[in-house]
């Protein structure tokens, strides 16, 4: 399969009917999905509900597929407290527990939708963690992580992002980015946990002037990161050969307005990067690397969706449900003036090019 020409979603569906299976997973909610494959084979996704991008009613919901992404459960709520619960990261540890990290935004006006235009007046009071011992059915009470809070002490915004990964040595890594209120701007870090995601510490800088970062551990032990740039919104790749302690200088891979990214390593060893495409025609694309992320085969760039009517779309998250067969979830908003009612999480089941 070579790079696809610019086609409508309908044309793509007709051309590759045997390769692409598309569905709407949720309607009226579904922002920013993070999707993981559980030890029991289920596919679990956390996504934002209750409010558009910003809103005091923001909460985190879950959906599950027990048939490799063909059908999905109705959403149920993981966390919904009195402020805006948002920006999830999620992963399953080797002890079977699922860790869900998120942040809380407060400082809303009486409408519950408005916050200060001055970003320095918005309050993000740390990264919170909840845990599930029953594959996501029920969750523990939230606990704010002390080390992450002490690292920035309210001097800026903070957010976890993407998949939480557990390295071969048992150390868990979580990507966390900060928006500092001084000249530092955006900075992307990884934090470590040595107790299956209960507590975090030992921050390592991945890149300055980057934010939302997807990470994956490769079979050769290296850790790969795909970072969204603070300016322009392109994606850059960095790698670590020492368990995420030190990182190479990020190298730009995509054009501006192509972000953010999710990374997984396939059964055949290639690395898959799915990312949002906010240049028209908008939607979701995928790239493959056969050399551990050093180069990406743009001759085989795959258009997974190109029917988003505006730039409020993307944030794909993917899992390999069987060899070469991928389930990717993403979101789009059909009407910016009625964002919450017309937001939806969508899925595409597809096969990677050989």
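Taking Cα centroids, how far is the range 122-168 from the range 222-258 in Å?
That distance is 22 Å.
As a test of the formula, what do you get for the chain when each DSSP H run with n ≥ 4 contributes -39,500 (n - 2.57) and the sum is divided by the residue count, at 222 nm and rounded to the nearest 500 deg cm²/dmol?
Roughly -1000 deg cm²/dmol at 222 nm, from the helical runs in the chain.
Just want to confirm a number: the relative contact order over the range 286-354, from Cα pairs under 8 angstrom separated by 6+ residues, in percent. Let's see the in-between values first.
Numbers: 99 pairs, mean separation 16.2, N = 69.
The normalised contact order for the range 286-354 reaches 23 percent.
Which FRET efficiency value, to the nearest 0.05, do you get for residue 106 and residue 325 by plugging their Cβ-Cβ distance into 1/(1 + (r/R0)^6) with R0 = 51 Å?
0.75
Going from the alpha-carbon gyration tensor of the range 262-301, what semi-axes, largest first and in whole Å, does one get by taking the root of 5 times each eigenvalue?
After diagonalising the Cα gyration tensor, the semi-axes are 20, 10, 7 Å.
What is the distance, in nm, between label points placed 7 Å from the Cα along the Cα-to-Cβ direction at residue 147 and at residue 71?
Using points 7 Å along Cα→Cβ, the separation is 4.3 nm.
What's the Kirkwood radius of the range 104-199 in Å, using all Cα pairs?
15.0 Å
Calculate, for residue 182 and residue 255, the FRET efficiency according to 1/(1 + (r/R0)^6) with r their C-beta to C-beta distance and R0 30 Å; round to the nearest 0.05.
Computed FRET efficiency for residue 182 and residue 255 comes out at 0.55.
Separation between the residue 294 and residue 83 pseudo-spin-labels, each 7 Å from Cα along Cα→Cβ, expressed in nm?
Placing both labels 7 Å along Cα→Cβ, they lie 4.6 nm apart.
How far apart, in nanometres, would the label points at residue 121 and residue 135 be if each is projected 7 angstrom from Cα along the Cα-to-Cβ direction?
Rounded to a tenth, the inter-label distance reads 4.8 nm.
Provide, in order from the shortest bin, the percent of all Cα-Cα pairs of the range 9-351 in each 10 Å bin, continuing until the bin that contains the maximum pair distance.
So the P(r) values, bin by bin, are 6, 27, 39, 24, 5, 0.
Could you please rank 199, 77, 45, placing first whichever residue has the fewest other Cβ atoms within 10 Å of its Cβ?
77, 199, 45
Hey, for a label at residue 42 modelled as a point 7 Å past Cα toward Cβ, could you say which residues of the range 134-153 have their backbone N under 15 Å away?
Once the point is set 7 Å along Cα→Cβ of residue 42, 134-140 turn out to lie under 15 Å by backbone N, inside the range 134-153.
Just so you know, all these numbers are worked out from the coordinates, no wet-lab data involved. In this text, all values refer to a predicted model and were calculated from it rather than measured experimentally. Note that we place each Cβ from the backbone using ideal geometry, even for glycine, and neighbour counts take in every protein chain shown.
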